[in-house]
Amino acid sequence: MRKSKVMVLAGCLGSFILVIFYFQSSLSPAAEERILGNIWHGKSRRTPLQALYDSEQFEQSTVQMTHQRRRDLLDSVCKMYTRKRRVLTPDDLKHLIVDDTHGLLYCYVPKVACTNWKRVMMVLTGQGKYRDPLQIPAHEAHIPANLRTLSEFSTPEINYRLRNYLKFVFVREPFERLVSAYRNKFTRQYNTAFHKRYGTKIIKRHRRNPTLKALENGDDVKFEEFLYYLVDPRTQHEEPFNEHWERVHSLCHPCIIHYDVIGKYETLAEDANYVLQLIGAKGTVEFPSSSKTTITTDDMAAKFFENVNVFYQKRLFNLYKMDFLLFNYSVPSYLHKH
Ligand SMILES: *[C@@H]1O[C@H](CO)[C@@H](O)[C@H](O)[C@H]1NC(C)=O
């Protein structure tokens with residue numbers, strides 16, 4: 001009964017309202033709560049959001065302070081750089097994965113441990129179907145039907161979740177993420193889909209006298225050619241960046257959506273642990289430990305940027321500037337300073 005009422009209501013609203021006013025829904029928060037309050041399964045205990053802001057448990061802990069500082073910094077950068085608050089559309093919410101069991105929203109960013117986070121989200125939402133994240137094959141974690149995203153919900157359902165769920169995102173030093181994306185998508189023979197879709201175009205536009213074979217296969221894109229493609233105004237004019245090199249700022253909208261936890265790839269294990277602790281899942285599911293975390297990729301990014309022309313280094317930095325500022329990454333020392 002109740003569900004059908006919600007559906008009808010959602011349908012009516014959907015036909016009139018095309019944009020979502022976050023914190024400014026057509027329904028009053030109280031009305032939304034009344035309609036949607038029954039979706040919260042874990043009612044009897046504190047929600048993760050309450051756990052986070054309930055100072056008793058975490059007061060004075062350094063972890064809590066670190067995260068508070070990250071949120072404050074992000075807030076102040078947002079205030080400084082965004083003049084007008086724009087409204088969200090369902091399209092903006094495609095990267096937010098929903099866990100209704102724990103009251104959790106995760107904005108996934110490719111090249112920042114997102115396969116493992118998707119696996120963990122599948123365990124969390126799977127109602128006992130999986131126990132160990134690593135038993136889920138990587139490709140299965142990326143099948144859209146296996147996880148729900150916030151864009152699939154109605155406006156009141158979206159607003160309810162944005163207001164009441166714990167929202168988190170994981171970020172990484174922007175150029176390290178970029179180098180990781182380049183290496184993964186353009187230097188591995190098996191990624192033919194990316195070679196065909198992007199490689200051929202990049203070579204056609206940004207290589208002088210390309211061979212016919214390179215034009216056809218697009219499988220030997222050089223790092224510099226990839227950068228030319230990124231800073232070329234035509235690229236973003238034609239279509240949005242692919243998610244693997246799109247900025248976190250554009251994927252997750254951190255100046256509009258207030259993230260409660262900003263995790264970092266550089267401190268992945270601790271930050272993942274913190275999220276699982278907040279949702280009370282620490283004995284139930286463990287975040288897969290990665291052997292990679294011990295290797296610093298900083299030197300690698302430096303190597304890749306070594307021969308890049310200063311002009312392009314600057315333009316590239318400007319392109320990724322908001323991600324550097326919002327998440328407190330300093331200008332890489334290997335960039336030529338002028
Ligand atoms: C920003 O990063 C620097 C080190 O790079 C650190 O000392 C500082 O505490 C960080 N600030 C915030 C707000 O996290």
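The values are calculated or read from the model by the stated rules, or taken from the named source; none is laboratory data. Treat the numbers as computed from the prediction; the structure is a model and nothing was measured. Cβ placement follows ideal geometry from the backbone for every residue including glycine, while neighbour counts extend to all protein chains displayed. These accessible areas exclude ligands, DNA and RNA; they are computed on the full protein's heavy atoms, side chains included. Shrake-Rupley method; radii C 1.70, N 1.55, O 1.52, S 1.80 Å.
Once the C-beta distance of LYS303 and ASN242 is scaled by a Förster radius of 22 Å, the resulting FRET efficiency is 0.40 to the nearest 0.05. Annotation: THR284 carries an accessible surface of approximately 110 Å², with a 1.4 Å probe and no ligand, DNA or RNA atoms counted. Applying the Karplus relation 6.51 cos²θ - 1.76 cosθ + 1.60 with θ = phi - 60° to segment 80-90 yields 3J(HN,Hα) values of 6, 9, 10, 7, 10, 7, 9, 8, 7, 10, x Hz, where x marks Gly and Pro.
Close amide H partners of LEU166, meaning residues 5 or more places away or on another chain with modelled amide H under 5 Å apart, are LEU49, LEU104, LEU105. Residues whose amide H falls under 5 Å from that of VAL171, counting only those 5 or more places apart or on a different chain, are GLY263, LYS264, TYR265, with hydrogens built in the peptide plane. Computed with every protein chain present, the accessible area of CYS114 is close to 10 Å² [probe 1.4 Å]. Once the convex hull of all Cα atoms in segment 90-212 is built, its volume per residue stands at 138 Å³. The convex hull defined by the C-alpha atoms of segment 190-319 has an orientation-averaged projected area of 11.0 nm². Along segment 253-268 the Karplus relation, 6.51 cos²θ - 1.76 cosθ + 1.60 evaluated at θ = phi - 60°, assigns HN-Hα couplings of 6, x, 8, 10, 8, 7, 7, 7, 10, 10, x, 10, 4, 5, 10, 4 Hz to successive residues, with x for each Gly and Pro. Near LEU88, the amide H atoms lying under 5 Å from its own belong to ILE20, TYR22; only residues 5 or more places off or on other chains count, and H is placed 1.01 Å from N.
Sorting MET121, MET322, MET65, MET80 by accessible area (1.4 Å probe), largest first, what list results?
Details: MET121 0, MET322 40, MET65 100, MET80 135 Å².
Descending accessible area places them as MET80, MET65, MET322, MET121.
Annotation: LEU278 carries an accessible surface of approximately 10 Å², with a 1.4 Å probe and no ligand, DNA or RNA atoms counted. For segment 46-162, the Kirkwood estimate of the hydrodynamic radius, built from every pair of different alpha carbons, is 16.5 Å. Our coupling estimate for segment 160-165, obtained by passing each phi through the Karplus curve with A = 6.51, B = -1.76, C = 1.60 and θ = phi - 60°, is 4, 5, 4, 7, 10, 8 Hz, Gly and Pro reported as x.
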